[in-house]
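Written below as C-alpha cells is the structure these notes are about.
The values are calculated or read from the model by the stated rules, or taken from the named source; none is laboratory data. All figures in this text were calculated on a predicted structure; none of them were measured in a lab. Cβ placement follows ideal geometry from the backbone for every residue including glycine, while neighbour counts extend to all protein chains displayed.
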Amino acid sequence: MDQEEFPGTSNEDQNAAAMDMFYGIADDGDLVIHRVESDQVVYKPQRHKVKMLGKYLVGGMLGEGSYGTVKELLDTESLCRRAVKILKKRKLRKIPNGEQNVRREISLLKRLQHRNVIQLIDVIHNEEKQKMYMIMEYCASELQEMLDSVPEKKFPVWQAHGYFCQLINGLEYLHSQGIIHKDIKPGNLLVTNDECLKITDLGVAEALGQFARTDECRTGQGSPAFQPPEIANGQDVFSGFKVDVWSSGVTLYNITTGKYPYDGDNIYKLFENISKGDYSIPEGVSEMLSDLLKGMLAYDATVRYTLQQIRQHPWFIKQHPRVFASVKIPPRPEDPDDVLRTMTVIPSLHAMHYGDDSEEDEEDEDQIHEFSVPCHDEPNDEHVSLSFGNEVRDHTVPFEQRQSHDVVGEDDGALQGAVPVPNSDYEMKGKKGKSRSRKSKFSSCKQS
Amino acid sequence: MPLFSSKSKTPHEAVRYLNDMIPSLKNSKEKEHKKISEEVTKTLHILKTQLYGSQEQEGSDLGAQISAEIVTSDMLHVLIENLAYIDFEGRKDVVAIVNNVLRRQIGVRTPAAEAISRSDLIFLLINGYENQEIALNCGMMLRECARHLVLVTQILNNARFYKFFEYVEVSTFDIASDAFSTFKELLTRHKVDVATFLEQQYDPFFTHYQSLLNSENYVTRRQALKLLGELLLDRFNFTVMNRYISQPENLKLMMNLLREKSKNIQFEAFHVFKIFVANPNKPKPIMDILLRNRERLVDFLTKFHTERSEDEQFNDEKSYLIKQIKELKPVEENVSYQIKEENMS
C-alpha cells in the first residue's frame, strides 16, 4: 500500500525522511500546519476561461447522461441559445451499441422538423480529442426535473394536459415519418421557457423502411418501467407504434398521479408485474382521465388506443380549467436564486469583452457608460419643454443648462454639450465599481 | 347619431345591434351607409375587445357569454355573409371575433364549429377566395376552421373542395399563396382522416393535382411538388403512396420535372422520383421505363446537383438511387429501401 502511494521512496533518502514524517503524523495524530504570513498570500482571482467551440461560446453544464455531458452554448453569430451534447468516443465504445445508436440518432434527427421534436442544429467532430458535439435547440428543463422539484411529483391536471397534447402532436409527427421512439418518458421530454415540449433522445428509436407494410418491431431498449407487456413478455414481433402509445400512457399516468402503474424491486419483478397486467388507477383521478389511461394501457396491443383515438378522446379534447398553480421550472441546483435560469455563458461573455480588472478596461467601459448616460437619464420630451425652439441644437444643451449654472453663452453650452461632461453624480457611480455601471448600461440598452 | 350610440351597449345589445344592422349595409344608400358602417365597425371593435380581454382573467365568463350569444343568435352567419360590405378595419375584427369563438370550448364541445358544420358557412368562406377584398380574411378563418375535424371532413366531402385547385392558381399572388396554405392545412392537419379521403377519392384528387404539377405558374408548380413529396412520404398515406408510384404516367411526369430549368423544382422532383426507384416491388410498366432509360438516368443522376456536397443525406440517397438503377434487372425482388439507415441488429 505504502509503496504504491509513494513510488520510489525506497531509493532516495529525502523521501525516506518524508515518509518518517508521514508515519509520525499517523502515529501521534499530531498535524503539522505550515504558517504563512497573511501579507505573503497573494490572492489572484481565478481568471475565467473562455471556451469556444467553432462559432459557439461554451457556457455552464446543463446535465449529464450516460453518453456524456450537456452544456449550454451561445451561437455568437445568431445569438441563439443552444445546448451541446458532448460525446466521448472512448466512452461510447463501452456502451453496447453506443456508437451505432448515436449515428442513428443523428441521421434521424437531421431529417426531422417539428415544433415538438428536438432539433439538431449542427454536429461537430473533433478527431484529435475523439469527441463529438451534437448542437441542439436549448431547452430550459425536462419534465422529470420539474416533477422532482415538487413533493407530490405530479402536475396539476391542466398543466399535464398541455404537455400531453404536445407529446401526442410530436409523436404523431414521428410516426408519420415512420419513426418509433421506443423510449418515451418524462426524462426524455424537454420543456422550453415558453412551455413548449420537445421529444428528445432518439438513441434507441427505430425507423421503419419506407416500404415496410407494417410497423413490426423486434427490439426494445427503452426504460423498463415504461415498457408494454409485449416487450416484458419477450414477444419476438410487436407493433412499434403501440409501444409508444403504451409508454405515453405510463407517462400520462406518472405526470398526473405521481406514481407508476407498475412497480417492482428489480427488472424481473417489474416485468413480471407488467406481464400480469394488474394495475390500478389511484383515487382522485377523474373518470374521463382514467378511461383514457385504460385505453392507452390496454394489455392487448391490438385493442390499445391509436394516436387517432387518443386525439378524439374527451379528456384530450377538453379544455381543463386552470385551477391549481402550475409547477414551474425549478432553479438550477447550483444557483437556487436564479429562478429564471439565466444564461450560463454570461461569465464567459464578461471575460471575453471586459477581460480582467486591468485599468485600461475600466476606462473603456466608463466611456461607453458616459455616452449612454444622457439619453437614459433625460427623456427627450423634457428637453423640449425646457428649451426655446431654435436654441435646441443638441439634446445635451438643456441638460447642460440645468446642470451647470456657470455656462454663459448658449453656443458654448452647445459645444461643451457635445463632449459628455461628467457630472458629480455620475463620477460617484463610476468609482463605486464595475458591477453598478454595468447594470446601468444594460438598463440603458433596454430603453433605447 | 345618438340612435346608434354604442357607448352604453351591453354585449347582448351589441350582438343584437350588429345582427340587425350588418345586413342593411348591403342595401343602404351612400350617406346612410357611411353612418352605419362606422358604427358597425366601432361596435365590432368593442365586441372584439371584450371577447379577448376577458380571456386573460380566469373565472370571468364575459367572453364565454358573448361567444354563446354570437353562436346562438346566428351572428356567425351574418358576419360571414356580409363580410364584403363591412369596411377594412371591421373585417379584421370580424376575423378576430370568429377565430376567437371557434377556439372556445364548453367541456369537450366546440359550439361554434358545430354551428358552422350544420350550415353552409364553410362554403361561403371558400367562396370568399373569389372576392379580392375579403379573400385573405376568409383564408384566415378557414385555417382556423381547419383545426376542427368536422369542418375539414365537411370540406373534403364536398365537390367545392376542388375549387381550391383554381384558387391556388389565381393571378393575384397573395391570394394564390394564401389559398395554397389553406389547401395544405386541410391536407396535413388531420392525417389519418385525410389518408382515408385520399384513398377513397384517389382518382379525382390526383387528376386535379396533376394540373397543379403541370401549371404554367412556377410557384404553383414548385409548391405543389413539395406538398406531393410530403404527402407521399407520410407514413399515414402509405396506401396512397403505393398506388401513386405504380402508375407510369406519374413516373414520366417526375422524370420530366427532374429536367426542369429550375434547380428547386428539380430538387423537389428528386424527392418524389426516389420513391419510384426505391420501391422494392416495381410493377412492370415502371420497371420498363426505368430500364429503357437506365444509362441516361445513371448519367443524369451522377451529374445531378453536384454542388450539394454538404447535404449528406441527399448524396447518400443519390448514390443509393444510382446503384439501384445500375443493378436493375427485368425481374427484381427483395430490394429494401432504407434512407441512410443501418439495420438494427
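Of all residues in segment A:198-213, count the ones that are touching a residue at least 12 places away in the same chain (Cβ under 8 Å) and within 14 Å of chain B (Cβ to nearest Cβ).
10
Surrounded by fewer than 19 Cβ atoms within 10 Å (Cβ to Cβ) and either modelled with pLDDT under 95 or within 14 Å of the chain's Cα centre (by Cα) (or both): is that true of B:Ser177 in this structure?
Against the criterion (surrounded by fewer than 19 Cβ atoms within 10 Å (Cβ to Cβ) and either modelled with pLDDT under 95 or within 14 Å of the chain's Cα centre (by Cα) (or both)), B:Ser177 qualifies.
Need a quick list: helices (runs of 4 or more DSSP H) entirely within segment B:57-155 having at least 1 residues that are farther than 27 Å from B:Lys191 by Cα and touching a residue at least 12 places away in the same chain (Cβ under 8 Å).
It comes to B:62-72, B:75-81, B:88-103, B:132-145.
Take segment B:252-284 and flag every residue that is within 13 Å of chain A (Cβ to nearest Cβ), surrounded by fewer than 21 Cβ atoms within 10 Å (Cβ to Cβ) and under 23 Å from the mean Cα position of the chain (by Cα).
The answer is B:His271, and nothing else.
Against the condition free of Cβ contacts under 8 Å to residues at least 12 places away in the same chain, within 20 Å of A:Tyr305 (Cα to Cα) and of a type outside the set (S, T, N, Q), how does A:Lys242 come out, does it pass?
Considered against the rule, which asks whether it is free of Cβ contacts under 8 Å to residues at least 12 places away in the same chain, within 20 Å of A:Tyr305 (Cα to Cα) and of a type outside the set (S, T, N, Q), A:Lys242 comes out as no.
Evaluate the following for A:Asn169: is it over 13 Å from the mean Cα position of the chain (by Cα) and assigned by TED's automatic domain parsing to the domain that holds A:Tyr305?
The answer is yes for A:Asn169.
If I filter segment A:303-313 for residues that are outside any helix (DSSP H, G or I), surrounded by 14 or more Cβ atoms within 10 Å (Cβ to Cβ) and away from chain B (no Cβ under 14 Å), do I get at least one hit?
For segment A:303-313, residues outside any helix (DSSP H, G or I), surrounded by 14 or more Cβ atoms within 10 Å (Cβ to Cβ) and away from chain B (no Cβ under 14 Å): present.
Only one of these conditions is not met by B:Glu199: (1) surrounded by fewer than 15 Cβ atoms within 10 Å (Cβ to Cβ); (2) of a type in the set (Asp, Glu); (3) within 14 Å of chain A (Cβ to nearest Cβ). Which number is it?
For B:Glu199, the exception is condition (3).
Which of the residues spanning segment A:156-181 are outside any helix (DSSP H, G or I) and more than 30 Å from A:Glu216 (Cβ to Cβ)?
If the condition is that a residue be outside any helix (DSSP H, G or I) and more than 30 Å from A:Glu216 (Cβ to Cβ), then A:Pro156 is the only one that fits.
Just one of the numbered conditions (1) among the hydrophobic types (A, V, I, L, M, F, W, C); (2) within 14 Å of another protein chain (Cβ to nearest Cβ); (3) more than 21 Å from A:Pro314 (Cα to Cα) is not true of A:Val150; which one?
(2)
Please state which one of A:Glu216, A:Glu230, A:Glu195 is within 13 Å of chain B (Cβ to nearest Cβ) and more than 24 Å from A:Tyr67 (Cβ to Cβ).
So the residue among A:Glu216, A:Glu230, A:Glu195 that is within 13 Å of chain B (Cβ to nearest Cβ) and more than 24 Å from A:Tyr67 (Cβ to Cβ) is A:Glu216.
Testing A:Val191 on (1) surrounded by 19 or more Cβ atoms within 10 Å (Cβ to Cβ); (2) out of contact with any strand residue (DSSP E or B) (no Cβ under 9 Å at 6 or more places or on another chain), one condition comes back false. Which one is that?
(2)
In segment A:218-252, how many residues are part of a loop (DSSP other than H, G, I, E, B), within 33 Å of the chain's Cα centre (by Cα) and polar (S, T, N, Q)?
The qualifying residues number 4.
Considering only segment A:291-306, state which residues are more than 20 Å from B:Val192 (Cα to Cα) and free of Cβ contacts under 8 Å to residues at least 40 places away in the same chain.
Within segment A:291-306, A:Asp291, A:Lys294, A:Ala298, A:Asp300 meet the criteria.
If I ask for residues that are assigned to a helix (DSSP H, G or I) and either surrounded by fewer than 18 Cβ atoms within 10 Å (Cβ to Cβ) or among the aliphatic types (A, V, I, L, M) (or both), which ones from segment A:145-155 would you list?
The answer is A:Met146, A:Leu147, A:Asp148.
What pairs can you find where one residue is in segment A:317-337 and within 12 Å of chain B (Cβ to nearest Cβ) and more than 30 Å from A:Glu64 (Cβ to Cβ), the other is loosely packed, with under 12 Cβ neighbours inside 10 Å and among the hydroxyl-bearing types (Ser, Thr, Tyr), and their Cβ atoms are less than 6 Å apart, with a gap of 6+ or different chains?
none
Out of the residues in segment A:89-120 meeting the condition of being part of a loop (DSSP other than H, G, I, E, B) and closer than 28 Å to A:Cys165 by Cβ, tell me which one is nearest to the other protein chains (Cβ to nearest Cβ).
The residue in question is A:Arg111.
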